[in-house]
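Read through the structure below, which is laid out as C-alpha cells, and then see the notes.
The values are calculated or read from the model by the stated rules, or taken from the named source; none is laboratory data. Not measured: the values here are computed from a predicted model. Don't worry about glycine lacking a Cβ; one is built from the backbone with ideal geometry, like all the others, and counts go over all protein chains shown.
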Amino acid sequence: MSIRVEHINKRFGDFTALNDVTLDVPDGKLTALLGPSGCGKTTLLRVIAGLEQADSGRILFNGEDSSRAHVRERNVGFVFQHYALFRHMTVFENVAFGLRVKPRRERPSDSEIRAKVTRLLELVHLDWLGHRYPAQLSGGQRQRIALARALAVEPRVLLLDEPFGALDAKVRKDLRRWLRDLHHQLGLTSIFVTHDQEEALELADQVVLINKGAVEQVGEPAQVYSQPATPFVQSFLGHSNLFEGRVVSGALQVEDGGLALPAGSGAEGARVAAYVRPHEFHVTRETSGPGIEAKVARALELGALARIELVGARSGRPFEAEIPKRELAQLALAPGETVRLVPDALRVFPAQEVAAE
Amino acid sequence: MAEAALQQGVAARRGFGGPALWAGLLLVGAAVFFASRGGLVPSGLILALYALFALLGVALAKARSRVLPGFRLTLAITILMLFLIILIPLSAVFINTAQLSWSQIWSAISAPRAVASYKLSFGASLLAAAVNVVFGLILAWAITRYRFPGRKLVDALIDLPFALPTAVAGIALTALYAKNGWFGAFLEGQLGIKIAFSQLGVLVALIFIGLPFVVRTVQPVLEDLDAEYEEAAASLGANRAQTIWRVVLPALYPALLTGFAMAFARALGEYGSVIFIAGNIPLVSEITPLIIITKLEQYDYAGATAIAAVMLVVSFALLLAINALQVWSARRTERS
C-alpha cells in the first residue's frame with residue numbers, strides 16, 4: 001500500500017502545524033518522519049491516520065483519495081506513543097479488541113479470535129503474558145502488545161508515533177532491531193515518527209526531515225546525512241562546525257582564516273555559510289595555506305577516533321575535529337598549541353537561509 | 001506505574017475509607033450492643049474498645065520509621081476527630097437503644113409505619129442514586145468533553161444543591177410539582193401523574209440533592225481520561241457506541257460506583273427537602289428520618305434510636321458492599 005500526501009495544510013489557531021506538505025511513501029517501505037519536537041511530524045502522522053483532519057490537501061492510499069474517510073474506515077494500524085492499552089482488559093483482550101468490535105457478519109468466531117491472538121502474541125514473543133493486565137507489563141512489553149493489537153485488524157499501513165520514546169536506552173536498542181526484523185518479515189508499509197536521528201538513520205528505508213511544518217528533505221539515510229539539502233538538515237543531523245563569512249576570490253574569509261570553496265559556491269562578495277563535520281577536518285601544524293587557525297583546548301580519545309576540542313585563534317569560537325587516534329599520537333598535540341584546520345569537504349549554503357535553531 | 005498509582009490514590013481518597021474500618025466499626029458497635037444488654041455500663045466499654053483500636057494503630061505506626069515526619073501526630077488527630085465527630089455520637093445510638101428490651105426493640109423497628117418507611121427510604125435512595133449515575137455521567141461528559149457557551153455557568157450551577165439549604169430546595173420543588181405549580185399543573189392535571197405529596201415526590205427531591213455527587217466524582221476522572229484511548233479504539237475499527245461501552249465506561253466504573261455510593265448515602269440521610277414534597281402520608285410517603293423525628297417529638301428517644309440503629313446497620317452493610325466492589329474493580333484493573 002503506497003501513501004501519497006498532497007499539499008496538506010493544518011493550523012491550530014495561529015500556529016501552522018503543517019505547511020503545504022507533499023510526500024510519497026513507497027509500498028512496503030519503512031519511512032521515518034524525523035524532526036525536532038513541535039515540528040509537526042506527529043500531526044502529519046495523525047492526519048495520515050485520520051485522527052486529525054487537514055485544513056486542505058489530500059491523503060491517497062494506493063492512489064485512492066481517503067481524505068474524508070474516518071479513521072475507522074482507513075484500516076490503519078496506529079501505535080500510540082504511550083501505547084494507550086486498555087487498562088481494564090487483559091493483554092489477550094487488548095489484542096482481540098479489533099476483532100471483537102467487527103460487525104457481526106465479519107467477526108471471526110471465538111476460536112478463530114483465540115487462534116489469531118495467540119499467533120500475534122507469539123509474533124511479538126509475549127504469548128506467555130496473555131492473562132496479565134497492562135499495568136503488570138514493562139514498557140517494552142507494552143510497546144510490543146500495542147503493536148500486536150494494531151496488527152490484529154490486518155491494517156494496510158502501520159503508523160507508529162515515537163515508538164521508542166518512552167523506553168530506556170537498552171530496551172530501545174533491542175526493540176529497534178526487533179522492529180526492523182518484524183518489518184522485513186511482514187513487508188507492511190510503515191511510517192514512524194521520531195526526534196532521534198540515530199533511530200531514524202538506523203531503522204528507516206527512507207527518512208523525511210521535517211522542520212516547522214514543512215518537508216526539508218526526503219531520502220535514504222546515507223543520502224540525507226552525506227548530502228543534506230538544506231542548512232537545517234545539515235545542522236540537525238550529526239554535528240557540524242559552522243563558518244559564516246564573505247566569498248573573497250573563491251575562498252570563504254572568516255576571522256580565524258580562510259576556507260577554500262568548491263567552484264560555484266557563491267558569487268564574489270556574497271555572504272555564505274559553510275558546514276564542516278568534525279571528521280572532515282584535517283589537523284596540521286603547517287602555518288601557510290588556507291585553513292582555520294585554532295588553539296587546542298583538549299583532546300579526548302573515544303574508541304577508534306579522537307575528538308579534539310579547539311577554540312578559534314582570534315574569534316574564540318569553539319570548534320570540534322575528529323581524527324583517527326593514530327594520527328593524534330603522531331601529532332602529539334599539547335593543550336594551548338595553535339594548529340591549522342583544513343577541511344576535506346564542506347557544504348555551502350547562502351547565509352540568509354541558515355536555520356535558526 | 002505512576003499513572004495507575006495516582007488513579008488508585010484518587011479512588012481511595014474518594015472512597016469511604018477502607019472496608020477494614022467499616023468492618024471494625026460494625027464489630028465494635030455489635031459488641032457494645034450485646035455488652036449493654038447484660039446490664040454493664042456500656043460507655044466505658046466502648047471507650048476502652050475504641051482506645052484499643054486507636055492504640056493498635058499508633059503501635060503499628062511506631063514499629064516503622066518513616067521518611068516523612070508528622071505521621072503519628074496526624075494519625076493521632078485523625079483518630080481523635082474520628083472519636084469526637086463520628087464514633088462516639090454513633091455509639092450513642094446503640095447505647096440509647098440498649099435501654100429497651102429485645103421485644104420492645106423488635107416492636108419499634110417492625111411497626112408497619114417503620115417498615116413502610118424503610119422500603120421507601122432505601123428504595124427511593126437507591127433508585128435516585130441510579131438515576132443520578134446515568135444523568136450525572138451525561139452531565140459530566142457534556143461539561144468535560146465539549147466547549148459551549150455557558151459551560152462554566154452549568155459547571156457552577158451543578159454545585160447549587162450542595163449549597164442550598166435543603167428546606168429551600170424542598171419548598172421550591174413542592175411549589176413546582178404541586179397541583180397548581182408549573183410542572184404539577186401539566187403532569188397532574190393533564191397526565192394524571194401525581195408527584196408532590198407522593199412517593200414520586202420523594203424520588204424527585206432525592207435526585208435533586210444527589211446529582212452533584214455523581215458529577216463531581218466522575219468529572220475529574222473523565223478529564224484525566226486521555227482521548228488517546230478513544231482514538232485507539234476508533235483506529236481498531238470500533239464505532240462510537242462500542243468505544244463508549246467497551247473503553248470509556250469501564251474506565252469510569254470506579255468513579256461511578258463512588259458517585260453512586262455518595263449520592264445514595266446523601267439521599268438516605270436527607271430530611272429537609274423531602275418532608276416538604278413528600279406530604280408525609282403514613283405508610284405511603286413517610287421516610288425513615290421523619291419517623292425518627294416523630295418519635296423524638298413524642299419523647300420516645302429509645303424508639304427513635306432503635307430505628308436509627310436499623311438505618312445505620314443497613315447503610316453500613318450497603319456501603320461496605322459498594323466499597324468491596326470498588327476494591328475488587330480497582331484490583332482488577334490497576335494492580336501493578
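Got at least one residue in the range A:110-123 being away from chain B (no Cβ under 14 Å) and part of a loop (DSSP other than H, G, I, E, B)? No; the residues of the range A:110-123 include none that is away from chain B (no Cβ under 14 Å) and part of a loop (DSSP other than H, G, I, E, B). Every listed requirement among (1) among the hydrophobic types (A, V, I, L, M, F, W, C); (2) surrounded by 16 or more Cβ atoms within 10 Å (Cβ to Cβ); (3) farther than 30 Å from A:Asn9 by Cα is met by A:Ala204 save one, (3). Per the listing B:Ala330, B:Ala309, B:Ala324, the residue uniquely in contact (Cβ under 8 Å) with a residue 24 or more places away in the chain, farther than 19 Å from B:Leu206 by Cβ and either surrounded by fewer than 18 Cβ atoms within 10 Å (Cβ to Cβ) or charged (D, E, K, R) (or both) is B:Ala324. In the set A:Glu301, A:Glu286, A:Glu320, A:Glu327, only one residue is of a type outside the set (Gly, Ala, Ser) and within 18 Å of A:Val276 (Cα to Cα); that residue is A:Glu320. A:Asp161 meets all of the listed conditions (1) of a type in the set (Asp, Glu); (2) buried (at least 22 other Cβ atoms within 10 Å of the Cβ); (3) in contact with a Gly (Cβ under 9 Å, 6 or more places away or on another chain) but one, namely (3). If you scan the range B:53-99, which residues turn out to be aliphatic (A, V, I, L, M), at pLDDT 65 or above and more than 24 Å from B:Ile307 (Cβ to Cβ)? Listed by number, the residues that qualify are B:Val67, B:Leu68, B:Leu73, B:Leu75, B:Ala76, B:Ile77, B:Ile79, B:Leu80, B:Met81, B:Leu82, B:Leu84. Residue pairs whose Cβ atoms lie under 6 Å apart, separated by 6 or more positions or on different chains, with the first residue in the range A:65-86 and more than 8 Å from chain B (Cβ to nearest Cβ) and the second of a type in the set (Asp, Glu), are A:Gln81/A:Asp161; A:Gln81/A:Glu162.
Of the strands (runs of 3 or more DSSP E) that lie entirely inside the range A:250-357, those containing 2 or more residues that are over 28 Å from the mean Cα position of the chain (by Cα) span A:251-254, A:257-260, A:281-284, A:291-302, A:305-312, A:338-343. For the range A:101-123, the count of residues that are crowded, with 20+ Cβ neighbours inside 10 Å, touching a helix residue (DSSP H, G or I) at 6+ places or on another chain (Cβ under 7 Å) and in contact (Cβ under 8 Å) with a residue 60 or more places away in the chain is zero.
Any residue in the range A:134-149 that is facing chain B (nearest Cβ under 10 Å), part of a loop (DSSP other than H, G, I, E, B) and either without any contact (Cβ under 8 Å) to a residue 24 or more places away in the chain or closer than 25 Å to B:Asn239 by Cβ (or both)? Don't jump to the end; show me each part of the working.
Kept after step one, since they are facing chain B (nearest Cβ under 10 Å), are these residues of the range A:134-149: A:134-137, A:139, A:142, A:146, A:149.
Restricting the remaining residues to those that are part of a loop (DSSP other than H, G, I, E, B) gives A:137.
Retained after the next criterion (residues that are either without any contact (Cβ under 8 Å) to a residue 24 or more places away in the chain or closer than 25 Å to B:Asn239 by Cβ (or both)): none.
Looking through the range A:134-149, none of the residues is facing chain B (nearest Cβ under 10 Å), part of a loop (DSSP other than H, G, I, E, B) and either without any contact (Cβ under 8 Å) to a residue 24 or more places away in the chain or closer than 25 Å to B:Asn239 by Cβ (or both).
Quick one: is A:Pro155 within 13 Å of chain B (Cβ to nearest Cβ) and farther than 28 Å from A:Val25 by Cβ? Spelling it out, it is not the case that A:Pro155 is within 13 Å of chain B (Cβ to nearest Cβ) and farther than 28 Å from A:Val25 by Cβ.
Beta carbons closer than 7 Å, at least 6 apart along the sequence or on distinct chains, pair a first residue in the range B:213-237 that is touching a residue at least 40 places away in the same chain (Cβ under 8 Å) with a second that is assigned to a loop (DSSP other than H, G, I, E, B) and surrounded by 18 or more Cβ atoms within 10 Å (Cβ to Cβ) for B:Val215/B:Ile158. Quick check on A:Gly98: is it touching a residue at least 24 places away in the same chain (Cβ under 8 Å), crowded, with 20+ Cβ neighbours inside 10 Å and under 28 Å from A:Ile59 (Cα atoms)? So A:Gly98 fits the description; yes.
The number of residues in the range B:100-141 that are part of a helix (DSSP H, G or I) and over 24 Å from the mean Cα position of the chain (by Cα) comes to 8. The helices (runs of 4 or more DSSP H) located wholly in the range B:207-304 that include 1 or more residues which are of a type in the set (Val, Ile, Thr) and either surrounded by 18 or more Cβ atoms within 10 Å (Cβ to Cβ) or within 13 Å of another protein chain (Cβ to nearest Cβ) (or both) occupy B:240-243, B:249-269, B:272-278, B:288-297.
I'd like to know if the range A:218-231 contains one or more residues that are crowded, with 16+ Cβ neighbours inside 10 Å and in a strand (DSSP E or B).
Of all residues in the range A:218-231, those crowded, with 16+ Cβ neighbours inside 10 Å come to A:218-219, A:221, A:224-225, A:228-231.
From what's left, in a strand (DSSP E or B): A:218-219.
Yes, the conditions are met somewhere in the range A:218-231.
Checked against (1) over 28 Å from B:Phe183 (Cβ atoms); (2) in contact with an Asp or Glu (Cβ under 9 Å, 6 or more places away or on another chain); (3) without any contact (Cβ under 8 Å) to a residue 24 or more places away in the chain, B:Pro254 passes all but condition (3). Here A:Thr31 does not fit the description of being under 29 Å from the mean Cα position of the chain (by Cα) and in a helix (DSSP H, G or I). Looking at the range A:232-249, which of its residues are closer than 30 Å to A:Val215 by Cβ, in a strand (DSSP E or B) and not small (Gly, Ala, Ser)? Listed by number, the residues that qualify are A:Asn241, A:Leu242, A:Phe243, A:Glu244, A:Val247. Just one of (1) surrounded by fewer than 21 Cβ atoms within 10 Å (Cβ to Cβ); (2) part of a strand (DSSP E or B) fails for A:Ser67. It is (2). Note on the range A:35-64: residues that are in a helix (DSSP H, G or I), of a type in the set (A, V, I, L, M, F, W, C) and within 12 Å of another protein chain (Cβ to nearest Cβ) amount to 3.
Condition test on A:Arg172, is it surrounded by fewer than 16 Cβ atoms within 10 Å (Cβ to Cβ), outside any loop (DSSP other than H, G, I, E, B) and modelled with pLDDT under 90? No; evaluated as a whole, the condition is false for this residue. The single condition among (1) in a helix (DSSP H, G or I); (2) over 23 Å from B:Leu157 (Cβ atoms); (3) touching a helix residue (DSSP H, G or I) at 6+ places or on another chain (Cβ under 6 Å) that B:Ile193 does not meet is (1).
Scanning the range A:6-42 for residues that are over 21 Å from A:Leu203 (Cα atoms), surrounded by fewer than 22 Cβ atoms within 10 Å (Cβ to Cβ) and hydrophobic (A, V, I, L, M, F, W, C) yields a total of 2. Of all the numbered requirements in (1) crowded, with 17+ Cβ neighbours inside 10 Å; (2) modelled with pLDDT of 85 or more, B:Gly181 misses one, and that requirement is (2).
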